[in-house]
Amino acid sequence: MPSSYQAPNRKSEEKSKTMSQSMDTNTSSDTATVQKVLDQKGSDVFSIRPQDTLRDAVKVLKERRIGALLVTDANGTLQGILSERDIVRKLAETPGQTLPKQVSEVMTTSVQTCTQDEPMVSVLRRMNEGRFRHMPVTNDTGLMGMVTIGDLVNYRLTELEHEALQLKQLIVG
């Protein structure tokens, strides 16, 4: 043993500890926003006019394989949203007389929207609390897309799978 070596004692200066992991390294530095979902999904917006019939709407929903249409005026301004649920409710109220009705008679007019900068978690929370599955994304100039609860959940599941893979690689080496 070298003569200069001294075993540590209580009076020794404690060296600063280092950790390979911390809350900062284990959590994502950037919050997932609606824009990230739109980047993956695309910003296609399918819309219909208030004066169109439910027959027209059902045809578009079927052809596009989607669950809701935004209702816009001739200028593209959001007037409401028409979902499969809205149509089913009307079918129950007026069996056999529903398809000729105008979209404006059935659509939901109080539409909650979000912005592309809004955190995904807050959008999911609002959708869950309001019990709706589609939310238009808007900015200062108008509509820029629509996200569904499925889009948000799929994005988050992919994120979690990626995080799990990173942890596994960290552990296994």
remark   = Over the range 128-153, the set of residues of a type outside the set (Asp, Glu), farther than 15 Å from residue 47 by Cβ and over 9 Å from the mean Cα position of the chain (by Cα) is 128, 130, 131, 132, 133, 139, 141
remark   = Within the range 123-135, the count of residues that are in contact with a strand residue (DSSP E or B) (Cβ under 9 Å, 6 or more places away or on another chain) and over 14 Å from residue 35 (Cβ atoms) comes to 5
message = Quick test for you: out of 86, 151, pick the one residue that is surrounded by 18 or more Cβ atoms within 10 Å (Cβ to Cβ), in contact with a strand residue (DSSP E or B) (Cβ under 7 Å, 6 or more places away or on another chain), under 21 Å from residue 48 (Cβ atoms) and at pLDDT 90 or above.
response = 86
message = Residue pairs, Cβ under 6 Å, 6 or more apart or interchain, first in the range 96-112 and charged (D, E, K, R), second surrounded by 11 or more Cβ atoms within 10 Å (Cβ to Cβ). List them.
response = 101/54
ask   = On the given criteria, is residue 40 modelled with pLDDT under 95 and either assigned to a helix (DSSP H, G or I) or closer than 18 Å to residue 143 by Cβ (or both)?
value = yes
query = Which one of these does residue 55 not meet: (1) outside any helix (DSSP H, G or I); (2) at pLDDT 95 or above; (3) more than 25 Å from the chain's Cα centre (by Cα)?
reply = (1)
request  = Could you please let me know if residue 123 is touching a residue at least 24 places away in the same chain (Cβ under 8 Å), farther than 19 Å from residue 66 by Cα, crowded, with 17+ Cβ neighbours inside 10 Å and in contact with a helix residue (DSSP H, G or I) (Cβ under 9 Å, 6 or more places away or on another chain)?
outcome  = yes
request  = State whether one or more residues within the range 99-113 are in contact with a helix residue (DSSP H, G or I) (Cβ under 8 Å, 6 or more places away or on another chain), part of a strand (DSSP E or B) and surrounded by 18 or more Cβ atoms within 10 Å (Cβ to Cβ).
outcome  = no
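The values are calculated or read from the model by the stated rules, or taken from the named source; none is laboratory data. Predicted model only: the values in this text are computed from it and were never measured. No Cβ is skipped: glycine too gets one built from the backbone with ideal geometry, and neighbour counts run over all protein chains shown.
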